[in-house]
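S.K.: Mind having a look at this structure? Questions to follow.
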Amino acid sequence: MAVNFPYLDVSNCNASVRVAQNGGQIFGFDRVGEPPVLWISPSAIYKSGVALRGGIPICWPWFGPHPKDESLPQHGFARIMPWELEDFYESDKGVTVSSFKLTDSKQTMNMWPHRFELTLHVEVSKALKIRLVTKNKDERPFEITQALHSYFFVGDIGQVEIDGLDGKEYVDVTTGKSHVQKGPLVIDGETDRIYRHKTTCRLVDKSIGRTITVEPKGSGSTVVWNPWKEKACSLPDFPDDGYRNMVCIEAANSGVMDDKVVVDPGQEYTLEKNIYLDSI
Ligand code: BG6
C-alpha cells in the first residue's frame, strides 16, 4: 500500500475495519480468523483523488454519471475527496464506533452548488453497521442520489446466489430494459442491475460456507454489479479474473424509477447498511 495514503485502522476482539481519509472509504472489514468480508482489488490504486476499487465507496451526491454534465466525476465526488475523522470510541466491549465528515468547499461548490455536511458513522463489532447522514446547510432544498457501493468477497462466483430479490422489478443497465427477477439471482455473466426494492438481501456463498446478510435502511434501490470477464479486462484497476471473487450489493437511492431524495434546509436524511455474517 502507498505510504502516503492515510487511513484509520480499527481493531477489537471481534473484527477490524480500515477507513481511508480519501473518500471516507471503508476498504477492509475482517472478522477474527475468517476470510475477508469485503473485496479489494489487488490492483487498486491507493492515491488521493482516486476511488479505490473495492471496499465500500460512497457514491454521493449523485449515483452513476452526472445526469446533465458527463465531465463531472462518475458516482459523485464524495469518494474522491479527503474526509476528516470526527470521533472514535469503544461504545461497549468489542464494539468500536468512528465517524468521518465531509463538508462543502470551493471545490465541491464548483461541482455541486450546495452547502452540506455529510457524516459517515461506522460501527464495527461482529457486524458492520454504516450510516451516511446528509445534512442540508443551505437555504433551499437540494436533491441527491447516492449509494453505499459495497464490494463483497466471495470464494467463487459460480457458487454464489443472492436471495431476497425474487419478484422484484429491475432495470438491466447494460440494455436499459426492465425485467422481473425470478428466483434467486445467480451471476453468470456481466450483471449491472438496479432493483427498485429496499428489503434485505442474503448473499449465499457455498464455496466458503458463509452467508452475508445486507440490511439497508433509507434506500429505494438495490444495485447488483459484477463486470464479468470482458469488462474486468478493460478496467485498469481490476484483475482479469477478479470478477470471480466479488459481487457488489449496493444500498442506493439510484435515481431510477424516481428513486431520489430531496433534503430541505436544516434537515437530514440517513442511508444505512448493516452487514451480518453467518455460516452455512
Ligand atoms: C455500479 C454501476 O454501481 O458501479 C455500474 O451500476 C458501474 O454501471 C459500477 O460500472 C462501477 O463504477 P465505477 O465508476 O466505480 O467504475
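S.K.: For the structure I just gave you, tell me whether Leu128 is within 16 Å of the ligand (Cβ to nearest atom), on the phi < 0 side of the Ramachandran plot and surrounded by 22 or more Cβ atoms within 10 Å (Cβ to Cβ).
M.R.: Details: within 16 Å of the ligand (Cβ to nearest atom): no; on the phi < 0 side of the Ramachandran plot: yes; surrounded by 22 or more Cβ atoms within 10 Å (Cβ to Cβ): yes.
Taking the combined requirement at face value, the residue does not satisfy it.
S.K.: I'd like to know if segment 60-67 contains one or more residues that are at pLDDT below 95 and in a loop (DSSP other than H, G, I, E, B). Steps first, answer last, please.
M.R.: Start the filter on segment 60-67 by keeping residues that are at pLDDT below 95, which leaves 67.
Then drop every residue that is not in a loop (DSSP other than H, G, I, E, B), which leaves 67.
Checked segment 60-67: at least one residue is at pLDDT below 95 and in a loop (DSSP other than H, G, I, E, B).
S.K.: Assuming Glu34 fulfils every condition listed in (1) exposed (fewer than 15 other Cβ atoms within 10 Å of the Cβ); (2) of a type outside the set (Lys, Arg); (3) not in a loop (DSSP other than H, G, I, E, B) apart from one, which condition is it?
M.R.: For Glu34, the failing item is (3).
S.K.: With the requirement that a residue be touching a Leu at 6+ places or on another chain (Cβ under 9 Å) and surrounded by 15 or more Cβ atoms within 10 Å (Cβ to Cβ), what does segment 199-223 give you?
M.R.: Cys201, Arg210, Thr211, Ile212, Thr213, Val214, Pro216, Gly218, Ser219, Thr222
S.K.: Okay, moving on. Answer yes if at least one residue in segment 7-24 is within 16 Å of the ligand (Cβ to nearest atom), over 21 Å from Asp192 (Cβ atoms) and part of a loop (DSSP other than H, G, I, E, B), and no otherwise. I'd like the intermediate steps shown before the answer.
M.R.: First, pick out the residues of segment 7-24 that are within 16 Å of the ligand (Cβ to nearest atom): 20, 22-24.
Keeping just the survivors that are over 21 Å from Asp192 (Cβ atoms) gives 20, 22-24.
From what is left, the residues that are part of a loop (DSSP other than H, G, I, E, B) are 23-24.
Checked against the condition, which is being within 16 Å of the ligand (Cβ to nearest atom), over 21 Å from Asp192 (Cβ atoms) and part of a loop (DSSP other than H, G, I, E, B), segment 7-24 yields at least one hit.
S.K.: Can you name the residue in segment 47-99 that is in contact (Cβ under 8 Å) with a residue 40 or more places away in the chain and small (Gly, Ala, Ser) and is also surrounded by the fewest Cβ atoms within 10 Å (Cβ to Cβ) among such residues?
M.R.: Taking the candidates together, the pick is Gly94.
S.K.: Any idea which residue in segment 210-227 is nearest to the chain's Cα centre (by Cα), counting only those that are in a loop (DSSP other than H, G, I, E, B), within 16 Å of the ligand (Cβ to nearest atom) and among the small types (Gly, Ala, Ser)? Write out each step before concluding.
M.R.: Going through segment 210-227, the residues in a loop (DSSP other than H, G, I, E, B) turn out to be 218-220, 227.
With within 16 Å of the ligand (Cβ to nearest atom) added as a condition, the list becomes 219-220, 227.
Subsequent filtering for residues that are among the small types (Gly, Ala, Ser) retains 219-220.
Values: Ser219: 12, Gly220: 14 Å.
Looking at residues that are in a loop (DSSP other than H, G, I, E, B), within 16 Å of the ligand (Cβ to nearest atom) and among the small types (Gly, Ala, Ser), I get Ser219.
S.K.: If you check Thr119, Thr145, which single one turns out to be of a type outside the set (Phe, Trp, Tyr), buried (at least 22 other Cβ atoms within 10 Å of the Cβ) and under 17 Å from Glu268 (Cα atoms)? Quick ask: steps written out before the conclusion?
M.R.: Numbers: Thr119 fails: buried (at least 22 other Cβ atoms within 10 Å of the Cβ).
Of the residues listed, the single one that is of a type outside the set (Phe, Trp, Tyr), buried (at least 22 other Cβ atoms within 10 Å of the Cβ) and under 17 Å from Glu268 (Cα atoms) is Thr145.
S.K.: Let me ask another. Cβ contacts < 6 Å: first residue of a type in the set (D, E, K, R), restricted to segment 217-239; second residue part of a strand (DSSP E or B), any location; separation 6+ or different chain. Result?
M.R.: Between residues of segment 217-239 that are of a type in the set (D, E, K, R) and residues that are part of a strand (DSSP E or B), the close pairs are Lys217/Glu272.
S.K.: Something else now. Looking only at residues in segment 228-246 that are surrounded by fewer than 19 Cβ atoms within 10 Å (Cβ to Cβ) and outside any helix (DSSP H, G or I), which one is nearest to the ligand (Cβ to nearest atom)?
M.R.: In this case the residue turns out to be Leu235.
S.K.: Follow-up question, since we're still on this one. More than 21 Å from Asp237 (Cβ to Cβ) and touching a strand residue (DSSP E or B) at 6+ places or on another chain (Cβ under 7 Å) - does that describe any residue in segment 44-60? Lay out the reasoning, then the answer.
M.R.: Step one: filter segment 44-60 for residues more than 21 Å from Asp237 (Cβ to Cβ), giving none.
Within segment 44-60, none of the residues are more than 21 Å from Asp237 (Cβ to Cβ) and touching a strand residue (DSSP E or B) at 6+ places or on another chain (Cβ under 7 Å).
S.K.: Can you tell me how many residues within segment 161-202 are free of Cβ contacts under 8 Å to residues at least 24 places away in the same chain, among the β-branched types (Val, Ile, Thr) and away from the ligand (no atom under 16 Å from the Cβ)?
M.R.: Final tally of qualifying residues: 1.
S.K.: Moving to a separate point now. Looking at (1) in a loop (DSSP other than H, G, I, E, B); (2) surrounded by 18 or more Cβ atoms within 10 Å (Cβ to Cβ), can you tell me which one Asn4 breaks?
M.R.: It fails just one condition, (2).
S.K.: In addition: Could you pull out the residue among Val160, Val173, Val180, Val214 that is in contact with a strand residue (DSSP E or B) (Cβ under 8 Å, 6 or more places away or on another chain), within 22 Å of Pro67 (Cβ to Cβ) and modelled with pLDDT of 95 or more?
M.R.: Details: Val160 fails: within 22 Å of Pro67 (Cβ to Cβ); Val180 fails: within 22 Å of Pro67 (Cβ to Cβ); Val214 fails: within 22 Å of Pro67 (Cβ to Cβ).
Being in contact with a strand residue (DSSP E or B) (Cβ under 8 Å, 6 or more places away or on another chain), within 22 Å of Pro67 (Cβ to Cβ) and modelled with pLDDT of 95 or more holds for just one of Val160, Val173, Val180, Val214, which is Val173.
The values are calculated or read from the model by the stated rules, or taken from the named source; none is laboratory data. None of these values were measured; they are calculated from a predicted model. All Cβ positions, glycine included, derive from the backbone under ideal geometry; neighbour counts span all protein chains shown.
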